[in-house]
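Each value in this text was obtained by applying a stated rule to the coordinates, not by laboratory testing. None of these values were measured; they are calculated from a predicted model. Here the Cβ positions follow ideal geometry from the backbone for every residue, glycine too, while neighbour counts run over all protein chains shown.
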Amino acid sequence: MKARLLNAYRSQYPVPLRFHAGEIVQLGVLDEEWPDFAWVKTGEGRAGWAPVAWLRPLGDGRAEALRDYSAQELDVDSGERVQLHHEHGGWWWAERANGARGWLPARDLELLEENP
């Protein structure tokens with residue numbers, strides 16, 4: 001699926017959170033604006049928002065990652081077209097024409113019809 005950016009978007013985190021399936025992370029609060037995401041901190045000290053559904057809480061403030069994850073966001077300009085891969089919690093994993101991949105908020109995207 002393709003989309004066009006309604007507004008320019010710039011990444012808010014210069015060093016994005018990343019973890020791998022099976023990794024144990026510290027689980028923090030839920031995001032008030034994006035409730036499908038929680039604040040997470042890795043053993044290496046990286047912190048950021050991660051999908052709650054991709055974590056298995058262990059009951060002691062920690063969680064096990066169920067899959068690999070990167071919180072990488074894309075820097076894009078208004079009007080730019082991107083390829084969309086999958087959506088989670090109001091965000092799309094998208095790809096620019098130059099091959100760069102990352103998350104973009106769905107509210108900034110206009111979905112485009114694809115011709116067969």
DSSP-loop trypsin sites (Lys or Arg not before Pro) across the stretch 1-85, with at most 12 other Cβ within 10 angstrom: 10, 67
Full-stretch length increase - residue 29, residue 81 - with 0.36 nm per residue and alpha-carbon distance subtracted: 15.4 nm
Centre separation in Å (Cα based) which lies between the stretch 84-116 and the stretch 1-77: 17
Total formal charge among the other residues, if their Cβ is under 15 angstrom from that of residue 42, Lys/Arg +1 and Asp/Glu -1: +1
Whole-number Å³ per residue for the convex hull built on Cα positions in the stretch 18-69: 65
Whole-Hz ³J(HN,Hα) from phi, Karplus 6.51 cos²θ - 1.76 cosθ + 1.60, for the stretch 42-53, glycine and proline x: 8, x, 7, x, 6, 9, x, 8, 9, x, 4, 5
The chain, Rg to Rh (Cα coordinates; Rh as Kirkwood inverse mean 1/r): 1.01
